[in-house]
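Bear in mind these aren't lab numbers, they're just calculated from the coordinates by the rules spelled out. Quick caveat, the model's predicted, so the values are computed rather than measured. Using ideal geometry, Cβ is built from the backbone for each residue, glycine included, and neighbour counts are taken over all protein chains shown.
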Amino acid sequence: MSYNFDKSLYFSALKTKRFGKEIFIYNEVTSTNDVLLKENFAYGSVITAYSQTKGRGRSGRNWVDDGSSLIFSIVLTGLSIDMLMPFNIIAGFSVCNGICLYADAKLKWPNDCIINEKKTGGMLLEASFTGNEPSKIVFGAGINVYNKSFPEDISHRATSIFLNSKNKDIKKELILAATLNSMEEMLDKYKNNQLEIDKLWADYSAYINKKISIHINGEKKEMIEKGINPSGELIVQDIISNKITNINSGEIGYDFNG
Ligand code: BTN
């Protein structure tokens, strides 16, 4: 299948200075993150593809889709190691803003996109390093856009924009442009100390002040999500001991528990 991506629609909505000004559209790649990590592209370049043969998810998982998704990655430089986690959160805010053109998306920490308690998008931030500092940062997202149904084994936890939008004329080009507009603006503000991710989190979180269950090292714990701190770590409160803990490991999975 060849990837129909309407570049003029995309550019009509793109309001950035640099993000996504260069866009490369592929029918098939191994992984859009891989292409940007392995080859040299200008700052802010974006790759989108119809399909990936080796799409990666977090924690070593695969990311598989059937051509119904918006798949893209962007390459950046100039973020210090301390900025990676905050940027990951900012990128999550931005993808939510893009999806919100059509449906009310929220976040599950650090940046799974959730609509009506089901996942509609996943994101993966990767970097190559020179010494201890990132030399290249690649952020990729896979968003379920047009899926009309999901396989039975995942239908209880996966959804798409199509399934949640009144407007069925959904344009992936507009979602991508809105995401990049928001990402560039928020990152600029963050760099100028004009954006506090910990304050904004409450607006985007699907689970703020709700009971969640967190899986840490094979153990399941009941917690209340209290928010995030300025570094992007999740703040949780143990339901039994009331102890507050900050969580920063990518290995933690947590699911909504009512
Ligand atoms: C997750 O939910 O575990 C993260 C999924 C990230 C998938 C996207 S699709 C575009 C980019 N390329 C990849 O190989 N992965 C990310």
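Taking only Cα atoms and a 10 Å spring cutoff, compute GNM fluctuations for the chain and point out the largest among 235, 244, 47.
Most flexible of the set in this elastic network: 244.
Taking the Cβ of residue 128 as the centre, find all other residues whose Cβ is under 14 Å away and add up their charges (Lys, Arg: +1; Asp, Glu: -1).
Around residue 128, the surrounding residues sum to -2.
Across the Cα atoms of the chain, what radius of gyration and what greatest pairwise Cα-Cα distance (Dmax) are found, in Å?
Looking at the chain, its Cα Rg and Dmax stand at 17.7, 56 Å.
Counting only Cα atoms, I'd like the Rg/Rh figure for region 41-174, Kirkwood definition for Rh.
Result: Rg/Rh = 0.97.
Could you compute the net charge surrounding residue 21? Neighbours are other residues with a C-beta less than 13 Å from the C-beta of residue 21; K and R count +1, D and E count -1.
After counting each charged neighbour, the total is +2.
Give me the net charge for the shell around residue 110: Cβ to Cβ below 11 angstrom, other residues only, Lys and Arg +1, Asp and Glu -1.
0
Where does the chain land at 222 nm, in deg cm²/dmol rounded to the nearest 500, when only DSSP H runs of n ≥ 4 count, each adding -39500 (n - 2.57), divided by all residues?
Calculated mean residue ellipticity at 222 nm is -7000 deg cm²/dmol.
Going by Cα centres, region 34-92 and region 194-237 are how many Å apart?
Taking the Cα centre of each part, region 34-92 and region 194-237 sit 23 Å apart.
Full extension from residue 199 to residue 58: what is 0.36 nm times the residue separation minus their Cα-Cα distance, to one decimal in nm?
Here the answer is 48.2 nm.
Explain nothing, just compute: Karplus ³J(HN,Hα) = 6.51 cos²θ - 1.76 cosθ + 1.60, θ = phi - 60°, for every residue of region 180-185 in order, whole Hz, x for Gly and Pro.
So the Karplus estimates, Gly and Pro as x, are 5, 4, 5, 5, 5, 5 Hz.
Whole-Hz ³J(HN,Hα) for each residue in region 22-35, computed from phi via Karplus 6.51 cos²θ - 1.76 cosθ + 1.60 with θ = phi - 60°, x for glycine and proline: what do you get?
Karplus values, whole Hz, x for Gly and Pro: 9, 10, 10, 10, 10, 6, 9, 9, 5, 7, 4, 4, 4, 4.
Can you tell me, using C-alpha contacts under 8 Å and at least 6 residues apart, the relative contact order of the chain as a whole percent?
Relative contact order, the chain: 18 percent.
Across every pair of different alpha-carbon atoms, what Kirkwood hydrodynamic radius in Å does region 150-258 reach?
16.6
How big is D for region 100-196, in µm² s⁻¹ as a whole number, if Stokes-Einstein is applied with the Kirkwood radius of its Cα pairs at 4 °C and 1.567 mPa s?
85
Would region 1-83 count as rounded, prolate or oblate if I go by the C-alpha gyration tensor, calling it rounded below 1.5 in a/c and otherwise prolate when a/b exceeds b/c, oblate otherwise?
Oblate is the answer for region 1-83, as a/c is 1.5 or above yet b/c matches or exceeds a/b.
Restricting to Cα pairs below 8 Å that are 6+ residues apart, what does the relative contact order work out to for region 1-125? Please round to a whole percent.
Once divided by the residue count of region 1-125, the mean separation gives 18 percent.
Can you pull the percent of Cα pairs in region 40-112 with separation above 15 Å?
Above the 15 Å cut-off, region 40-112 has 68 percent of its Cα pairs.
Among 27-34, 74-81, what's the highest-first ranking by average C-beta atoms within 10 angstrom per residue?
27-34, 74-81
Whole-Hz Karplus ³J(HN,Hα) for region 160-174, in order, using 6.51 cos²θ - 1.76 cosθ + 1.60 and θ = phi - 60°, x for Gly and Pro?
My calculation for region 160-174 gives 9, 5, 3, 6, 10, 10, 6, 7, 8, 8, 8, 10, 5, 4, 6 Hz in order.
Can you put 36, 101 in order, fewest other beta carbons within 10 Å first?
101, 36
Order these by the 10 Å Cβ neighbour count, fewest first: 180, 195, 124.
Result, fewest neighbours first: 195, 124, 180.
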